[in-house]
Every structure is written in C-alpha cells, then in structure tokens.
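Everything below concerns the one structure shown next.
Every number in this text was worked out from the coordinates using simple rules, so none of it is lab data. Computed from a prediction, not measured in an experiment: that's the story for all the values here. Counting neighbours? That spans all protein chains shown, and the Cβs are built from the backbone with ideal geometry, glycine included.
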Amino acid sequence: MEPVKTLEKRYVDYEEIIDIDTKLQLDYYVKRIQDKKIAMVNTTSFGGGVAEILHSLVPLSRDLGIRIDWWKIKGAKEFYAVTKAFHNCLQGEEGTFSPEAKKIYLEYNEMNAATIKDWDYDFIVVHDPQPAALINFRRDNDTTKWIWRCHIDTSTPDPESWRFLYQYIKHYDACIFTMPDFVKEYESLPNLTFFTPTIDPLSPKNIPLEKEEAQTITSRFGVDINRPLISQVSRFDPWKDPLGVIDVYKIVKKEFPSVQLALVGSMATDDPEGWDYLYRTLRKAGEDYDIKIVTEVNGISNLEVNAFQTISNVLIQKSIREGFGLTVAEGFWKETPVIGGNIGGIKYQIDDGVNGYLVETVEECAEKVLKLLRNPTLAEEMGKAGKEKVRKNFLITTNILNYLKLFDKLIEKESSLLSRIK
Ligand code: UDP
C-alpha cells in the first residue's frame, strides 16, 4: 500500500461559504474524534470521482484538526482487469467472476494487507469493491472500526459477484452507500448509512466566475452571449440522452428562435462507444449552427464546464439512467436552474418546482425550458434555491461531517455495549 500526498487546503476559505449549521456541527464533532486516527483506502490517486473527492476531503479534514491519512493499494494490470470486470458485474452487466479472477483479486488484497499489520488506526474506510477483501486479513483482536464505502450502484448485481463481495462486507462495522436505490440486501448490511457525493466549491469547476469571464470563455466556443443558452454537461452516452436534448431544443426553438443549445461532454479515449455516440449526436444536430457540441478535443476542461454552467439560462440533465448526477449539484452551485430526468440521484437534488423541474418526457422537458426562458425572475429564484440546497447538503464539508457523525455513532455504540457488559 502507498500513502497518497495531497495539496493543502484551508478550512477558513470554506468557513465563509458553508452554512452555519454545518459549521457548528463540524466544530462539535471534530472535538469528539480529535484523538482518533483515520485511514482512507482506495485504488487510485487520480482519475474518477473517488480520487477527486479524497483530494479535497483529506487535506481539508487535516486542516480541521482531524488525524487522517490516505492510502492507495498497489496493483498491476491483471488486478485492474479483474477488478474492472468485478465492478461491471456488480453494476449489473452480464458476465461472471471466474475462480481464476477471484484468486487474483484475493492475492492482491492479501499482498496489500501486509502493510496493515503495523497500522494503529481507529477507523479504516475502504472505498469500493477493489480493496474490500482487506478486512479478511486484519489482525487478531483488532479493535479498529472498519467501514466500507460503496460508490457504485449495486442494486441489480450479477448474483455470484454479489455473493463473493458480500462475504467480505458483512464483516465491516458499517457500510455507506450513495442512496437506498443502490442497495441490494438492505436488511443484512451492518450499520447501513447513506452519504451522497459532494462538490468542492473552491475547485476550478466550481469556483465563482465573473459573468464577463464566463461569457468570454463560452464565446470562444461560438456561443452568442446576447442570446439565450440551454446546456447539458455530460458524457456522450445513451443513458444521458443527448439526442433527446436535441429534440427538446427543437421544440423550444419553434417558440424561441434565438435559443442556442450547448452539449458539453468529455470523451474517454478508451471508450469507442462514446465516440460512436458523439458522431450520432453530431449527425442529429446536422447543419444547425445554434447547436454547439464541444468536448475536451475543442478545449473543454474544468474552467470551461464552470463557464457553461454559469452562463446558461437553463441546464438540462435529461438522463434516462443515472448514478447521483453530480452535474446537477454543480449547475445549482452556479445559481442556474436545472431540469432533470426523474431518476437516480437527480430526484434527491431537484425539488420539483422549487429549484428546477423533474421531467419524464421530451415534451415535458421542452415545456419547462420554455417556462423558465419566459420567466427570468422565476429562473433566478430557482437557481438561488438550488444553490442553497447544495450549500446545506452537497458540499465537501457536509461529506466530512457525515463521516464524523458515523465515527461518533460507532464509538457510542461500542461504549454502550461495553457498559452493558460491565
Ligand atoms: N464533466 C467534465 N467535462 C465534461 C463533461 C462532464 O468535467 O465535458 C464532469 C462533470 O462536470 C461532472 C462529471 O464529469 O463532474 C460527471 O459526473 P456525473 O455524476 O454527472 O455523471 P457520470 O459521468 O459520473 O455518470
């Protein structure tokens, strides 16, 4: 196992952003677990949402006075090939986890567990299935509390893969999932808890941008800043329904000829399906130059995503299937109303009619876009409501607080158990 280094973060910078309840609770819980040591364990220090969250959560927790370290497990090609297949099977893709694959999985977990022998952590938080079997190799008489944090949707897993994983996770002291919809064996999991993912309000993707700066950035991609803009930020993937978004735009365009649409999407170079879907989207957009389809190939990075989310009159996240849907929280943070598919984590973020709308069809989506374009004051009010929802629920500081509350609960449970034994 290898320790992961992070840049420093200062809590004072966040103090002025977060809500007072979170701040007061953080003060309280930090004091309660001050003498405890925490380890976060995952597979990678870069790429993917987990690493992104830990790069904020770990240094910010340290600055709060929490004793926390981040470790990543060592692997090699064969291990990553096995864990990718395992991951996919757990998310419901067809396939099986062969005896050979299980052997490789366990060998790497055992190899990494050699490091644990000298650890003196009070809490070990293991992220996702890749290192889940580490618990099998813990010391005898270990008093450490082990917590498994699952970031994926395991609601309809391949049964054999789930059984294999379950034999490890049942030994943990607590399990954290993103939301109830993602959990298969609701009753049998130890101390089941739910935390949503969160955004870092001071990362380049979310830091406040002046309107003029956002306009300058988006105009580089051909956006006319004097005309209304609707956007969807997401991968080119059938589940994100970019083709449906173009249908929405076409309906809106009949009533609002000045409207523009931006589809802002990142491309993974190793994902051929993503490229195919991008080409389909480009074909559907055809010669309509008011549809801007842009990816990192055109220069889209965090700041550009920020600019599109800041400058759009309305954001759409018309997904058909979705995990949490971080783009919704990101959009709200820029005070932009979001219209989203009534599914997955989008349901937890959009309060229908308060900060945006939950929709089922293209027609309904178009109707709501039109409503917001015709009522800029309503759009502004909804955007503000969205930001407040994120401030209370979906900032990185709330994520830290959720961990602290769980640690505290586990300590309390143990001390009440001990006092009963005495
Ligand atoms: N994203 C990005 N550039 C893009 C498109 C998306 O950085 O061109 C980011 C987006 O801002 C969000 C993440 O990718 O942070 C997507 O997360 P989400 O939960 O919405 O969907 P996922 O892709 O994980 O299904």
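Note on region 305-387: dipole from Cβ charges, positive end direction compared against Thr361, Thr310, Gly323; the farthest Cα belongs to Thr310.
What is the calculated FRET efficiency for His171 to Thr143, with r their C-beta to C-beta distance and R₀ = 22 Å, to the nearest 0.05? In this case the efficiency is close to 0.95. For region 66-168, the list of GluC sites (Glu not before Pro) that fall in a loop by DSSP and count at most 14 other C-beta atoms within 10 angstrom reads Glu93, Glu94.
Debye calculation, C-alpha points only, no solvent: report log10 I(q)/I(0) for region 93-250 at q = 0.08 Å⁻¹, in the same order as the q values. The Cα Debye sum returns log10 ratios of -0.42. Each Lys and Arg adds +1 at its Cβ and each Asp and Glu adds -1 at its Cβ; summed about the Cα centre, region 211-356 shows a dipole of about 320 debye.
Rg/Rh for region 59-157 stands at 1.01; both radii use Cα atoms, and Rh follows the Kirkwood definition.
Using only the C-alpha atoms, the convex hull of region 282-422 corresponds to 156 Å³ per residue. In this calculation the C-beta distance from Arg163 to Ser415 is compared with R0 = 35 Å, giving a FRET efficiency of 0.55. Each Lys and Arg adds +1 at its Cβ and each Asp and Glu adds -1 at its Cβ; summed about the Cα centre, the chain shows a dipole of about 660 debye. Near the amide H of Gln317, within less than 5 Å, lie the amide hydrogens of Ile339, Gly340, Gly341, all on another chain or at least 5 residues away, with H placed in the peptide plane.
Pairs exceeding a 27 Å alpha-carbon distance, out of Lys170/Lys387; Lys5/Lys145; Lys37/Lys413; Lys102/Lys170; Lys284/Lys368; Lys72/Lys170: Lys170/Lys387. The slack between Asp181 and Asn302, meaning 0.36 nm per residue of separation minus the straight C-alpha distance, is 40.6 nm. Which translational diffusion coefficient, to the nearest whole µm²/s, is obtained for region 1-74 from the Stokes-Einstein equation, given a Kirkwood hydrodynamic radius over C-alpha pairs, 20 °C and 1.002 mPa s? Answer, rounded: 162 µm²/s. For region 352-391, the fraction of alpha-carbon pairs lying more than 17 Å apart is 28 percent, rounded to a whole number.
Computed 3J(HN,Hα) for region 198-210, one whole-Hz value per residue from the Karplus formula 6.51 cos²θ - 1.76 cosθ + 1.60 where θ = phi - 60°, is 9, 10, 9, x, 10, 7, x, 6, 10, 5, x, 10, 5, glycine and proline marked x.
Residues whose amide H falls under 5 Å from that of Leu229, counting only those 5 or more places apart or on a different chain, are Gln260, Asn313, Val314, with hydrogens built in the peptide plane.
3J(HN,Hα) couplings calculated from phi for region 244-253 with the Karplus curve 6.51 cos²θ - 1.76 cosθ + 1.60 (θ = phi - 60°) are, in sequence order, x, 5, 5, 4, 4, 4, 5, 5, 4, 4 Hz; Gly and Pro show x. For region 239-359, how big is the tail of P(r) above 17 Å, as a whole percent of Cα pairs? Counting every Cα pair in region 239-359, those more than 17 Å apart make up 58 percent. Remark: Val30, Val390 ranked as Val30, Val390, counting other beta-carbon atoms within 10 Å and listing the fewest first. P(r) tail, the chain: Cα-Cα pairs separated by more than 34 Å, 35% of all pairs. In this rough spin-label picture, where each label sits 7 Å from Cα along the Cβ direction, the Ser188-Glu78 distance is 3.1 nm. Given R0 = 30 Å, the distance between the Cβ atoms of Asp63 and Glu107 translates into a calculated FRET efficiency of 0.20.
Amide H of Leu192: which non-local residues (sequence gap of 5 or more, or other chain) have their own amide H closer than 5 Å, using H built in the peptide plane? Counting only residues 5 or more places away or on other chains, the set is Cys175. Taken along the Cα-to-beta-carbon direction at a fixed 7 Å, the label points for Tyr28 and Ser155 span 3.3 nm. Pairs of Cα atoms in region 183-309 fall into 10 Å distance bins, from 0 up to the last occupied one, in shares of 11, 36, 30, 15, 7, 1 percent.
The modelled label-to-label distance for the pair Ser219/Asp21, using points 7 Å beyond Cα in the direction of Cβ, is 4.2 nm.
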